[in-house]
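A short write-up of the structure that comes next.
The values are calculated or read from the model by the stated rules, or taken from the named source; none is laboratory data. Note that this is a predicted model, so its numbers are computed, not measured. Using ideal geometry, Cβ is built from the backbone for each residue, glycine included, and neighbour counts are taken over all protein chains shown. Side chains included, ligands, DNA and RNA excluded: accessible areas come from the protein's heavy atoms. Shrake-Rupley method; radii C 1.70, N 1.55, O 1.52, S 1.80 Å.
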Amino acid sequence: MGTLGKAREAPRKPSHGCRAATKAKLEAKSASSPFPSHPSLAQITQFRMMVSLGHLAKGASLDDLIDSCIQSFDADGNLCRSNQLLQVMLAMHRIIISSAELLQKVVTLYKDALAKNSPGLCLKICYFVRYWITEFWIMFKMDASLTHTMEEFQELVKANGEELHRRLIDTTQINARDWSRKLTQRIKSNTSKKRKVSLLFDHLEPEELSEHLTYLEFKSFRRISFSDYQNYLVNSCVKENPTMERSIALCNGISQWVQLMVLSRPTPQLRAEVFIKFIQVAQKLHQLQNFNTLMAVIGGLCHSSISRLKETSSHVPHEINKVLGEMTELLSSCRNYDNYRRAYGECTQFKIPILGVHLKDLISLYEAMPDYLEDGKVNVHKLLALYNHINELVQLQEVAPPLEANKDLVHLLTLSLDLYYTEDEIYELSYAREPRNHKAPSVFKNYDHDQDGYISQEEFEKIAASFPFSFCVMDKDREGLISREEITAYFMRASSIYSKLGLGFPHNFQETTYLKPTFCDNCAGFLWGVIKQGYRCKGNKYPESR
């Protein structure tokens, strides 16, 4: 506690360019625009690329875009113009056409060039395909339809005896390439052994813990490739996207681990100590500019299984609650994550974004802009905007974290996070620690002030006003008064009629994490995030809600 107090008096400046987002600062900026006043790197890059693309930036037919890409090469296979259109077209084409269909169009052009005896054009087409294979080889490794079409193209070239062309479109080297970002195994069902405690948590200082959590987060984040972001856009789901599944599972696992570490302590005082330590971890994560894990930790501390622990919270000092308030304000979704966006935009060098927020931006951009313009031309501006947003995320993977991790501790921490508790089990543990208050005031405690076992007709009418109609006429034992037995019979009758009419409350809402873009059936708002974005009835009969 003393250490935290000193830190509060003389706040340590966040490292690597991120200025502290104090509450006063956040409040001062909240009335301004929901986005930073200065343009982002993606916006600057997009403007420059729009200029370099010239007339194509206003829109072009798919055939014109393909032709322009092919004409980017000279007779020797060198780029004779900027490669920006090539990068955007090859990276983002699946928004408008599949990779196999794009290659088939290129093959058709090659056949036409052969028929017209245009060896120069045939060679440029092969240079274009070679560039595709070299820069985006993972597409050929993962897309079976593209691989099949490529094999047909190779057979065509071989049949025409063009040895140079055959060598240019050779794909055998793909299998020999070292895939540095190997896909992790798919997330298995919740069959892993449950661990109730973590000795690692007790023996690590907040700074060490935050650094090793950041190491794990960055390791997971850097595995997400450009193609993974593209697949997410095309499929609108992470179900068949193992690296994104892993990233979301890690974030959810950290949030759940935070809850269980608090709930593992038997007394309110001990639980409060764990709560305080995680707040200190959150402060260190903020200094490391690891916003994704920060969201997971704060999300765990704010989860209803923890926030309901009134006895525990009574042992948490005011200054700790103040820090929690500042952190929740920083990460709030209010005004489209305005506070987070400002803090994130001011960070330089190493930083890990809140993945869910930026995936939401991608989906919003994807849905807001049409694929084609009114004249039937491809909306190049959309392809360019999406490309730059994804590229900005990918470039963050090149900046190594400013820390060194102990591999043994990383292994132990990974095991500690492998929990797989259900929501029901966490709530059971929460209520076991601090049971519900069964001394809640009853009707008679509120209205039977003289404790004689009766309430007045006027007081009863206040209760009955909560129901849409009268269920029965009360037979009063004493004039103007209603007994406890009568009021009990009244509610039993009300319950029976409500049940028969289907008016009983049928929902069993639980906090839910959605792994694909989901909209609230109540307000139509976007529910995407990383953890616990909304609620769903446990029976899956009723719509999502915030």
Exactly one of 271, 195 is of a type in the set (Lys, Arg) and at pLDDT 90 or above, and that one is 271
Checked 288, 294 against criteria (at pLDDT 95 or above, aliphatic (A, V, I, L, M) and open to solvent by 10 Å² or more (accessible area, probe 1.4 Å)); the one match is 288
Helices (runs of 4 or more DSSP H) contained in segment 199-244 and holding at least 3 residues in the same structural domain as residue 280 (by the TED database) and in contact with a strand residue (DSSP E or B) (Cβ under 7 Å, 6 or more places away or on another chain): 206-221
Only helices (runs of 4 or more DSSP H) wholly contained in segment 320-432 count here; list those with 3 or more residues that are out of contact with any Ser or Thr (no Cβ under 6 Å at 6 or more places or on another chain), surrounded by 18 or more Cβ atoms within 10 Å (Cβ to Cβ) and not assigned by the TED database to the domain that holds residue 246. 355-368, 380-395
Read through the list (1) more than 17 Å from residue 210 (Cα to Cα); (2) over 22 Å from the mean Cα position of the chain (by Cα); (3) crowded, with 21+ Cβ neighbours inside 10 Å, then give the number of the only condition that residue 275 fails. (1)
